[in-house]
Amino acid sequence: MKNKKLSIIMNCYNGDRYLYRALQSLINQTYKNWELIFWDNNSLDNSRNILLSFKDKRFKYFFEKNKRKLYHSRYNALKKAKGEYIAFLDVDDWWSNNKIKQQINFMEKLNSNVSYTNFYIYNETKKKAYLQYKKKLPHGKVTNQLLKTYKVGLPTIMVKNKFLKKKKILFSKLYHVIGDFDLIMRLSILTDIHCLQIPLAYYRWHPENMSSKQELLRIKELKQWKKKNFTKFLKYENFRYFNQNLIYSDLLQKIKNKNKLNIKKFFKVRPSLTLKLFFHFLFPTVLKNKILIR
């Protein structure tokens with residue numbers, strides 16, 4: 001098999017706290033034919049110096065003079081990719097040493113355009129890693145399944161560059177939080193998305209990436225996404241399920257932040273979520289910073 005080149009997109013804004021481990025996980029890869037597109041979104045910290053300290057010719061540094069939304073920067077970085085495959089790694093996260101080799105072999109075997117894997121959640125506070133998904137993940141025609149429960153982690157995604165160019169698909173510049181969700185959902189309509197079920201990446205959980213501010217922005221962007229993509233996804237059975245989850249998340253944040261509520265909306269979701277909403281409304285002190293839709 002030809003040793004095909006992989007372009008790795010890494011966007012950074014003041015990411016020096018965890019950056020070294022992310023970069024070292026690339027150096028440690030058993031697969032060596034890759035390039036790193038390191039897109040510095042106007043950082044003010046030591047990120048650039050950490051990157052350059054590796055002195056690796058595969059590291060390509062780009063500096064954004066004007067700070068932009070994350071997925072606007074990802075859009076710009078993606079256009080610089082020269083590899084036959086493209087993958088994504090954030091400065092907080094890292095890969096298993098054999099990640100690239102196993103995933104490219106998997107995609108070559110299936111002639112896959114898009115793939116993802118299982119992954120670990122690393123709890124920065126507890127210093128422990130947990131397998132994110134214990135049950136089999138969606139594989140193949142996954143649009144309807146992902147509308148119900150989105151399970152694709154950004155650091156696990158790998159796509160064929162040629163396919164993206166052929167379909168003229170890039171990240172949307174509109175988003176700061178949900179751009180990978182938007183990309184995968186649009187791709188899922190066009191092609192099978194294959195899952196390598198083993199965990200090959202680590203997503204670092206820390207208080208900053210699960211803040212209330214981030215959750216409010218996620219909800220705002222999902223509302224925009226629903227409005228923009230309504231006609232594309234309405235035919236899928238679980239679009240209704242997706243919409244109910246979004247209403248639930250919005251109401252839960254309003255309860256948490258003690259905002260004005262429309263109680264009638266409590267009944268626009270399935271009964272199990274309605275009960276949860278009334279519980280949190282009556283007992284608001286049980287709300288925690290991390291809110292998961294189940």
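Things to note:
One line per residue, one yes/no per condition, for (1) under 22 Å from SER249 (Cβ atoms); (2) among the aromatic types (Phe, Trp, Tyr); (3) modelled with pLDDT under 95:
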{"position": "LYS101", "(1), (2), (3)": "no, no, no"}
{"position": "GLU108", "(1), (2), (3)": "no, no, no"}
{"position": "VAL142", "(1), (2), (3)": "yes, no, no"}
{"position": "LEU147", "(1), (2), (3)": "yes, no, no"}
{"position": "TYR150", "(1), (2), (3)": "yes, yes, no"}
{"position": "PRO155", "(1), (2), (3)": "no, no, no"}
{"position": "MET158", "(1), (2), (3)": "no, no, no"}
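- The set of residues from segment 106-138 being farther than 20 Å from TRP95 by Cα and within 17 Å of the chain's Cα centre (by Cα) comprises just one member, PRO138.
- Scanning segment 171-200 for residues that are part of a loop (DSSP other than H, G, I, E, B) and in contact with an Asp or Glu (Cβ under 9 Å, 6 or more places away or on another chain) returns PHE171, SER172, LEU174, TYR175, HIS176, VAL177, ILE178.
- Out of LYS254, LYS232, LYS258, one residue alone is more than 24 Å from TYR71 (Cα to Cα) and either in contact with a Lys or Arg (Cβ under 7 Å, 6 or more places away or on another chain) or touching a residue at least 24 places away in the same chain (Cβ under 8 Å) (or both). It is LYS258.
- Taking first residues from segment 37-65 that are not assigned by TED's automatic domain parsing to the domain that holds ALA81 and partners that are of a type outside the set (Phe, Trp, Tyr) and assigned to a strand (DSSP E or B), no Cβ contact under 6 Å between residues at least 6 apart in sequence or on separate chains turns up.
- Taken together, the criteria place ILE198 among residues that are surrounded by fewer than 18 Cβ atoms within 10 Å (Cβ to Cβ) and closer than 30 Å to ARG21 by Cα.
- Matching residues, segment 148-170, being touching a residue at least 60 places away in the same chain (Cβ under 8 Å), in a loop (DSSP other than H, G, I, E, B) and over 21 Å from TYR133 (Cα atoms): LEU170
- Residue pairs meeting the criteria (Cβ under 7 Å; at least 6 apart or on separate chains; first assigned to a strand (DSSP E or B), in segment 112-129; second of a type in the set (Lys, Arg) and crowded, with 20+ Cβ neighbours inside 10 Å): TYR122/ARG204
The values are calculated or read from the model by the stated rules, or taken from the named source; none is laboratory data. Every value quoted in this text rests on a predicted model; they were computed, and no experiment measured them. Counting neighbours? That spans all protein chains shown, and the Cβs are built from the backbone with ideal geometry, glycine included.
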